[in-house]
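**Q** Just dropping this structure here.
The values are calculated or read from the model by the stated rules, or taken from the named source; none is laboratory data. Nothing here was measured: the structure is a model prediction, and the numbers come from that model. Counting neighbours? That spans all protein chains shown, and the Cβs are built from the backbone with ideal geometry, glycine included. With ligands, DNA and RNA removed, areas are computed over all heavy atoms of the protein, side chains included. Shrake-Rupley method; radii C 1.70, N 1.55, O 1.52, S 1.80 Å.
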Amino acid sequence: MTEAITLPVIPLRDEVLFPHVTAPIAAGRPGTLKAIEAAIQDNAKQVFVVAQREPQLEATADALYTFGTIARIEQLQRGLAGFQLLLTGEARGIAVRYSDTDGYLQAVVREAEEMPPLAAEDPAFAALYREVRQRSAELGQKTGLPRDAVQRVLSVHDEPGRFADLVASYLEGPVSDRQNLLETLSVEERLRRVLLHLQRQISVLDAQADIKTQVQEELGGRQREVYLREQLKAIQNELGDSDGGEDLEELKTKLDSLDISPQGRKEVNREFDRLNRFGRESMESQVIRTFLETVAELPWNERSDEQLDLASASAILDEDHYGLDDVKDRILEFLAVRQLRQRREREQAETTEAEAAEAAGEERVEAGDAGTANETKEDTSEDNKATAEKSKAPGPILLFVGPPGVGKTSIAKSIARAMGREYVRISLGGARDEADIRGHRRTYVGAMPGRIINGMKQAGTRNPVFLLDEIDKLGASFHGDPSSALLEVLDPGQNDSFTDHYLGIPFDLSEVLFVCTANFVQNLAGPLLDRMELVDFSGYTEGEKLEIAKRYLVPRQLEANAIEPAELQITDPALCAVITGYTREAGVRQLERELGKVARKVARKIALKEDHEEVETLSLDDAGVRELLGRPRVHPEKAASSDQIGVATGLYYTPVGGDVMFVEAETMPGKGNLVLTGQLGDVMKESARAAWSYAKAHAAALHIHTNTFEQDLHIHCPAGAIPKDGPSAGIAMATAVVSSLSKRPVRHDIAMTGEVTLSGKVLPIGGVKEKILGAVRAGILKFVLPEANVADLEDLPEEVQAKIEVSPVQTLGEALALTLRDATFTKGRLLFQGDKPEDVEPLGTYRH
């Protein structure tokens with residue numbers, strides 16, 4: 001009788017561990033984890049591994065077998081889900097009793113001794129052992145193990161009991177069968193039972209092999225059936241009894257009716273012949289059929305009937321959008337050219353037909369002249385066809401550039417409606433693959449056409465309005481550069497034979513009216529930009545926003561929020577309050593959102609009223625806007641209230657509009673340094689240095705004492721958190737510098753803009769319209785502008801032109817005479833009140 005030992009218990013589900021066998025075990029149950037922790041604290045690291053009777057039950061003493069295996073923990077790896085163990089069985093064990101200790105099971109175990117064979121040299125036992133080894137080798141080979149690996153395992157294990165346990169650990173079957181093998185202490189009996197399981201498993205594998213052979217034979221028979229059916233189809237086609245090719249005949253008819261180039265016709269015919277050679281079950285036939293159907297669905301012949309009535313087109317454009325005169329004029333010009341071309345071609349065709357008819361009447365003298373007349377008609381038909389081909393004028397390629405929300409995308413849809421064409425839009429924002437434009441070659445699995453060809457298929461005509469939205473957001477990757485692929489699409493000299501990688505056939509895009517939109521033209525490649533006609537969309541003025549809100553935004557928001565027009569009337573002062581106090585943008589998107597917020601709050605008030613109460617018309621003024629939307633969130637600059645020394649009123653322009661900007665200059669004790677603050681860009685810093693140098697060079701003419709330059713000069717532009725740059729602040733910088741150094745006040749009622757050179761010349765700048773409108777909103781009506789910018793005043797609304805006073809200047813001296821209080825400019829001299837011309841040095845003379 002062996003000595004009893006107490007070991008932690010590791011219960012197994014659907015598994016039995018045999019002695020002298022190493023197996024990996026995954027442990028995750030709390031009780032099992034605690035048992036492992038207890039085992040590894042002992043140097044022996046022994047555990048009692050036993051199988052559960054029912055895997056789905058909890059591991060209690062009643063659910064475990066009595067026979068198990070005394071095992072040693074060889075390796076232990078901790079993981080998120082528990083432990084990964086490598087256990088090696090040492091001997092069979094019998095649990096005398098189980099007990100629950102500290103949350104895990106312990107067992108009092110006695111080692112079970114094997115019963116060796118009575119006579120190991122007995123021929124019957126030797127034959128049994130040899131048969132087990134042979135059947136084991138056969139099973140290993142049938143399961144796919146290499147022959148040398150099987151022989152290596154057999155040569156290592158030569159003790160019958162251990163060999164039986166090794167083979168038992170690899171046998172498949174219920175846990176109860178493997179548990180019986182574990183409980184069989186007699187080596188001879190264990191070998192017999194293992195041999196029985198081996199024979200049974202080998203029989204199962206043989207049956208599986210027979211079934212697999214039968215399935216393969218059956219599949220071979222089906223393939224033969226498919227082949228015979230294809231032969232039968234060919235025979236039926238020869239006899240004219242088949243109707244399975246009707247769909248192919250229909251496809252063939254569509255393809256034959258297409259107006260394709262000779263090169264494309266050759267490719268289509270070749271692919272159709274290949275389709276006829278392949279069976280329907282072939283994967284290649286599906287690829288070919290998809291290609292041919294794509295070709296058949298493209299608009300090779302179809303065109304939209306254009307609406308060339310200029311008055312109607314103009315009315316549609318005005319109905320959909322307010323302003324945008326440049327875009328509307330360009331579209332109407334295109335329609336006018338198309339209208340004139342059709343008129344000229346119609347007159348030419350009528351003249352040609354009349355001449356042909358007259359010639360045919362003179363020649364119809366003999367009976368045999370009928371053939372000649374037919375030939376003449378055919379010639380005339382060919383001439384008319386050629387004339388029609390000439391009338392296919394290439395469409396313009398427009399690029400709309402401007403800030404968000406100014407109507408670039410929506411005007412394209414209105415253009416299509418005004419012209420009577422189909423409208424297609426694709427967004428190119430974020431596209432990084434050349435295949436998005438050109439498609440994939442058909443050699444690839446899942447190949448498809450590019451988005452240009454898909455758009456043409458969607459339009460159904462070959463002359464749609466095709467919008468390429470957000471073209472400046474294209475990217476590039478190792479898949480190629482989509483912007484480079486667009487070079488062919490947007491080139492009027494090349495896009496009449498655009499070849500998609502999927503089609504491999506030239507497709508004519510010359511009649512398409514391409515419209516591209518972008519926010520920043522700097523992001524576009526030079527060659528791509530060169531192919532497009534740029535139309536600049538500037539931001540809307542406050543007056544334009546007011547009209548847009550009254551005509552489009554307010555009715556749209558009332559309808560969206562279920563409010564009748566009679567229930568809410570928004571006055572012009574209320575709309576102006578929303579525009580100036582709650583939005584700061586070039587477009588009208590934020591304005592529409594704020595109007596939607598107003599409409600929703602009014603809708604809530606209406607909904608809270610009782611059903612029997614009569615709904616009164618709500619007239620919303622600027623005070624009501626503040627009540628609904630809260631305090632204003634935008635605070636535009638206002639004109640200064642009085643003249644100040646060293647403070648000039650400049651003008652600036654951003655994509656969201658123009659406004660006034662104050663330039664402050666102040667002298668202070670120092671060493672003659674120039675200090676610049678306010679997040680000024682390099683160009684503005686250069687303007688400040690140019691003004692400082694100009695003042696130094698013409699100190700006497702500007703009434704500045706020379707010792708003043710021994711002080712520091714600090715120039716600051718308020719709103720220091722906002723970066724600023726550009727040359728147009730030159731006059732304002734110079735005025736502030738001269739005012740601060742000469743102690744002469746700057747007029748507060750005049751705003752100025754213009755670039756200044758070191759020699760005192762005033763150069764033109766941009767954004768005049770937006771700058772002046774922003775200054776008018778701030779309460780300023782007098783302006784100093786470069787003389788070269790006078791023509792830009794024509795862009796201003798007439799009501800603004802009527803109330804402003806503009807003084808054009810060519811030199812800085814003229815500008816200073818206007819911007820400094822009590823100053824005049826006479827004979828090249830800057831004079832102040834009380835000065836005599838002969839006592840003042842003229843500007844432009846430099847004195848060392």
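**Q** For the condition free of Cβ contacts under 8 Å to residues at least 60 places away in the same chain, of a type in the set (Gly, Ala, Ser), under 27 Å from Gly767 (Cα atoms) and touching a Pro at 6+ places or on another chain (Cβ under 7 Å), what is the one hit in Gly543, Gly581?
**A** Gly581
Listed here are the residues, each with its yes/no results for (1) outside any loop (DSSP other than H, G, I, E, B); (2) closer than 24 Å to Ser484 by Cβ; (3) among the hydrophobic types (A, V, I, L, M, F, W, C).
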residue	(1), (2), (3)
Ile415	yes, no, yes
Arg421	no, no, no
His440	no, yes, no
Lys457	yes, yes, no
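**Q** Would it be correct to say that Leu620 is under 42 Å from the mean Cα position of the chain (by Cα) and buried (at least 19 other Cβ atoms within 10 Å of the Cβ)?
**A** In short, yes.
**Q** Kindly list the number of the only condition in (1) farther than 22 Å from Gly402 by Cβ; (2) in contact (Cβ under 8 Å) with a residue 40 or more places away in the chain; (3) of a type in the set (A, V, I, L, M) that fails for Leu474.
**A** (1)
Residue-by-condition table, conditions (1) in contact (Cβ under 8 Å) with a residue 24 or more places away in the chain; (2) closer than 22 Å to Gly93 by Cβ:
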| site | (1), (2) |
| --- | --- |
| Ser169 | yes, yes |
| Asn180 | no, yes |
| Gln199 | yes, no |
| Ile202 | yes, no |
| Thr213 | no, no |
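**Q** Could you tell me whether any residue of the stretch 588-595 is over 30 Å from Gly657 (Cβ atoms) and assigned to a loop (DSSP other than H, G, I, E, B)? Talk me through it step by step, then tell me what you get.
**A** Taking the stretch 588-595 and keeping what is over 30 Å from Gly657 (Cβ atoms), we get none.
For the stretch 588-595, residues over 30 Å from Gly657 (Cβ atoms) and assigned to a loop (DSSP other than H, G, I, E, B): absent.
**Q** Something else now. Mind counting the residues in the stretch 762-788 that are open to solvent by 20 Å² or more (accessible area, probe 1.4 Å) and either within 21 Å of Ala577 (Cβ to Cβ) or part of a helix (DSSP H, G or I) (or both)?
**A** So the answer is 8.
**Q** Further question on the same structure: Considering each residue of the stretch 40-68, count those that are within 58 Å of the chain's Cα centre (by Cα) and not in a loop (DSSP other than H, G, I, E, B), and give that number. Give the steps one after another, and end with the answer.
**A** Step one: of the stretch 40-68, the residues within 58 Å of the chain's Cα centre (by Cα) are 40, 51-52, 54-59.
Add one more test, that the residue is not in a loop (DSSP other than H, G, I, E, B), and what stays is 40, 51-52.
Result for the stretch 40-68: 3.
**Q** Also, I was wondering about something else. Which is more than 29 Å from Asp329 (Cβ to Cβ) and either within 29 Å of the chain's Cα centre (by Cα) or of a type outside the set (D, E, K, R) (or both), of Ala586, Ala525, Ala549, Ala566?
**A** Every option except Ala566 fails the conditions.
**Q** Checking Val806 against (1) within 54 Å of the chain's Cα centre (by Cα); (2) surrounded by fewer than 16 Cβ atoms within 10 Å (Cβ to Cβ), only one condition comes out false. Which one?
**A** (2)
**Q** Next question. Given the options Ala697, Ala691, Ala729, name the one that is of a type in the set (A, V, I, L, M, F, W, C) and closer than 30 Å to Gly587 by Cβ.
**A** Selected residue: Ala729, the only one of Ala697, Ala691, Ala729 that is of a type in the set (A, V, I, L, M, F, W, C) and closer than 30 Å to Gly587 by Cβ.
**Q** Out of all the residues in the stretch 153-166, which are acidic (Asp, Glu) and open to solvent by less than 60 Å² (accessible area, probe 1.4 Å)?
**A** Asp165
**Q** Go through the stretch 102-152 and give me each residue that's polar (S, T, N, Q), touching a residue at least 24 places away in the same chain (Cβ under 8 Å) and open to solvent by 30 Å² or more (accessible area, probe 1.4 Å). Write out each step before concluding.
**A** Applying the first criterion (polar (S, T, N, Q)) to the stretch 102-152 yields 106, 134, 136, 141, 143, 151.
Filter again for touching a residue at least 24 places away in the same chain (Cβ under 8 Å), leaving 106, 136, 143.
Of everything in the stretch 102-152, those that are polar (S, T, N, Q), touching a residue at least 24 places away in the same chain (Cβ under 8 Å) and open to solvent by 30 Å² or more (accessible area, probe 1.4 Å) turn out to be Gln106, Thr143.
**Q** Determine, yes or no, whether Leu275 is at pLDDT 85 or above and surrounded by 14 or more Cβ atoms within 10 Å (Cβ to Cβ).
**A** No.
**Q** In addition: Restricting to the stretch 125-148, give me the number of residues that are farther than 17 Å from Ile202 by Cβ and within 56 Å of the chain's Cα centre (by Cα).
**A** Going through the stretch 125-148 one residue at a time, the tally reaches 1.
**Q** Scan the stretch 763-798 residue by residue and report those that are more than 17 Å from Ala648 (Cα to Cα) and touching a residue at least 60 places away in the same chain (Cβ under 8 Å).
**A** Gly766, Gly767, Lys769, Glu770, Leu773, Arg777, Pro797
**Q** Could you grab me the full set of residues in the stretch 730-756 that are open to solvent by 10 Å² or more (accessible area, probe 1.4 Å) and not in a helix (DSSP H, G or I)?
**A** Lys743, Arg744, Pro745, Arg747, His748, Asp749, Glu755, Val756
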